[in-house]
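The values are calculated or read from the model by the stated rules, or taken from the named source; none is laboratory data. These numbers come from a predicted model, not from an experiment. Here Cβ is always computed from backbone atoms with ideal geometry, including for glycine, and neighbour counts include all displayed protein chains. Just the protein is used for accessible areas: all its heavy atoms, side chains included, with ligands, DNA and RNA removed. Shrake-Rupley method; radii C 1.70, N 1.55, O 1.52, S 1.80 Å.
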Amino acid sequence: MTQTVAEPEHLRSAFDAYVADEKKIEPKDWMPDTYRRTLIRQISQHAHSEIIGMQPEGNWITRAPSLRRKVGLMAKVQDEAGHGLYLYSAAETLGVSRDQMDADLMSGKAKYSSIFNYPTLTWADIGAIGWLVDGAAITNQIPICRCSYGPYARAMIRICKEESFHQRQGYEIMMKLCQGTEEQKRMAQDALNRWWWPSVMMFGPSDADSPHSAQNMAWRIKRFSNDELRQRFIDMTVKQADYLGLTFPDPDLKWNEERGHYDIGEIDWDEFWTVVKGNGPCNRQRMAHRTRAHDEGTWVREAATAFADKQRARQQQAAA
Ligand code: FAQ
């Protein structure tokens, strides 16, 4: 990232010291332009991920196997819409408009998490998403509750509580399937087989190939590197799969006594970058659906704006 405006050195060093002292930056505080831009990038991508992430699960609301499962899934998908909204609001405090963020998503300029470009083929995928995708999301996001930017850190506290509930509902779906018939257990295993590697990839490129990590860690936006968080997720999840009686689609997965961690096989980074660059199994479908929903919501945005204008005019008349 290049700095476009020369920034006073004393402001920059005061900022660095403030952040190093674990103090929170608030919207009206001075901040380096690169810090502002990197936060807009990360928070808006995070918001887009929540909104696009509603699609693979929304696909199963009408086909959930019971009323209880339908209620749980609807609540989860609604929570994700809420997370998107807190995050868009947090990004707006940095001076970017919601319209701009929407435009960047729909033009393909802004990214969203690679994981949401995979299809949900069976009900077991809803269990696997809750267990693995929310499990990975929490592992990555709990440290963001201590992020140096106040509005992002505060939004993450509630989001993590809700994600943790989502993870449990997913694991409970997997548990029921694994305790069910042979066919149900096969569905659970098939879902783990398909969602495991994409979940491992969610943490982003390995540290050596992560251009933003060093600066983001210095600014206390990130607290741990992509590989550290990935390892934490793997170590936690292997034990959970053992309890379910499921196995991983990775012959090289094994405990490394010396490191005190599980080793895994080679991650297919070609697949990761293919998906990130827009050519995964569902990228086009996700964007077409999002664009259609945005267009169909035009009248709602216009009506809300007209109503707000009317209220404002009434208040001004009453005050005059
Ligand atoms: N997919 O240098 P780094 C959820 C991009 S929410 C796509 O390592 P950074 C809830 C990265 O943007 C899931 N792109 O970057 C839910 C950058 O590209 P850029 C989302 C990826 O920012 C659950 C380039 O690669 N979570 O799941 C991915 O330091 C269930 C270089 O990477 C967040 O957004 C990826 N997986 O670290 C909803 C958490 N990874 O921008 C529904 C907040 C990397 O230069 C159902 N974000 N890239 O063009 C973060 O913690 C960070 O932004 C990382 C990436 C860790 C994602």
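Assorted remarks:
- Protection-proxy order for peptides 179-191, 72-84, 115-127, each taking the mean of Cβ atoms within 10 Å per residue, highest first: 115-127, 72-84, 179-191
- Dipole magnitude of the stretch 200-249, debye to nearest 20 (Cβ charges: Lys/Arg +1, Asp/Glu -1, about Cα centre): 240 debye
- Scaling against 2.2 N^0.38 Å puts the C-alpha radius of gyration of the chain at 1.09.
- Each residue of the stretch 266-280 was assigned a 3J(HN,Hα) from its phi angle through the Karplus expression (A = 6.51, B = -1.76, C = 1.60, θ = phi - 60°), giving 5, 7, 7, 5, 5, 4, 4, 5, 4, 5, 4, 7, x, 10, x Hz with x at Gly and Pro.
- For the stretch 208-320, the convex hull drawn through the C-alpha positions has a volume of 259 cubic angstrom per residue.
- Charge dipole (the chain, unit charges on Cβ, about Cα centre) - positive-most of ALA188, GLY53, GLN240: GLY53
- Reachable aspartates and glutamates, given that their alpha-carbon falls under 13 Å from the alpha-carbon of LYS24 and they are not under 8 places away in the same chain: ASP16
- Cα-based reach from LYS111 at 23 Å (exclusive), listing lysines while leaving out same-chain residues under 8 positions away: LYS76, LYS222, LYS277
- Point-charge dipole on Cβ atoms (K/R +1, D/E -1) for the stretch 1-114, about Cα centre, debye to 20: 680 debye
- The stretch 183-320 - accessible surface per residue (Å², probe 1.4 Å): 61 Å²
- What you get for the chain, charging only the Cβ of Lys and Arg (+1) and of Asp and Glu (-1), is a dipole of about 1240 debye around the Cα centre.
- Straight Cα distances below 16 angstrom link LYS185 to the lysines LYS176, with same-chain residues fewer than 8 positions distant left out.
- Think of it as helices only: each DSSP H run of n ≥ 4 in the chain is worth -39500 (n - 2.57), and spread over all residues that comes to -20500 deg cm²/dmol at 222 nm.
- Which of MET202, MET156 is most accessible, then next, and so on - probe 1.4 Å: MET202, MET156
- Summary of the geometry: the stretch 262-303 and the stretch 157-185, compared by the centres of their Cα atoms, lie 24 Å apart.
- Geometric extent, Cα atoms of the stretch 31-154 - Rg, Dmax (angstrom): 15.5, 52
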